[in-house]
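Everything below concerns the one structure shown next.
What follows is calculated from the coordinates using simple rules that are stated; it is not laboratory data. These numbers come from a predicted model, not from an experiment. Don't worry about glycine lacking a Cβ; one is built from the backbone with ideal geometry, like all the others, and counts go over all protein chains shown.
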Amino acid sequence: MGFLGFIFGAKKRQVKRYLEHGAVILDVRTQREWDKGHIENSVHIPLNELNTRVDEVKQLNKPIIACCESGVRSAKAAKFLNLNNIDAINGGGWVSVQYKL
């Protein structure tokens, strides 16, 4: 396995481990993006609203797998959630996360 395979395999294992522990998938894309398609049963809070809606995420009382279109916004969301004492990881792009389900 090459270096990239190792890195992406680690992310896949991490997502799987979080799902096994009842993680919630948090989609941080815009409403327009969400309306075009999303993971069934995921929670939608656009990244620009996350700061004011962080209590909603805390009330879920579950680990979080953040996703977006490519992984950039979900990385920001996971970092923000971690800073707010919420166990969260960056799942990357939503299509990639859906594939891992």
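Among the β-branched types (Val, Ile, Thr) and under 24 Å from Arg13 (Cβ atoms): does that describe Val72? Yes.
Considering only region 3-26, I want to know if a residue exists there that is of a type in the set (Asp, Glu) and surrounded by 16 or more Cβ atoms within 10 Å (Cβ to Cβ). No, every residue in region 3-26 fails to be of a type in the set (Asp, Glu) and surrounded by 16 or more Cβ atoms within 10 Å (Cβ to Cβ). In region 47-61, the residues that are among the β-branched types (Val, Ile, Thr) form Cβ pairs under 6 Å with partners that are surrounded by 10 or more Cβ atoms within 10 Å (Cβ to Cβ), at six or more places apart or across chains, as follows: Val54/Asn84; Val57/Ile86.
So for region 64-75 (the condition being crowded, with 20+ Cβ neighbours inside 10 Å, touching a strand residue (DSSP E or B) at 6+ places or on another chain (Cβ under 9 Å) and at positive phi), does at least one residue qualify? If you could, list the steps in order and put the result at the bottom.
First, the residues of region 64-75 that are crowded, with 20+ Cβ neighbours inside 10 Å: 64-68, 73-74.
From the residues that got through so far, the ones that are touching a strand residue (DSSP E or B) at 6+ places or on another chain (Cβ under 9 Å) too are 64-68, 73-74.
Then keep just the ones that are at positive phi; that gives none.
Checking region 64-75: not a single residue is crowded, with 20+ Cβ neighbours inside 10 Å, touching a strand residue (DSSP E or B) at 6+ places or on another chain (Cβ under 9 Å) and at positive phi.
Taking the criterion of being without any contact (Cβ under 8 Å) to a residue 12 or more places away in the chain and over 12 Å from the mean Cα position of the chain (by Cα), the only residue of region 86-101 that qualifies is Tyr99.
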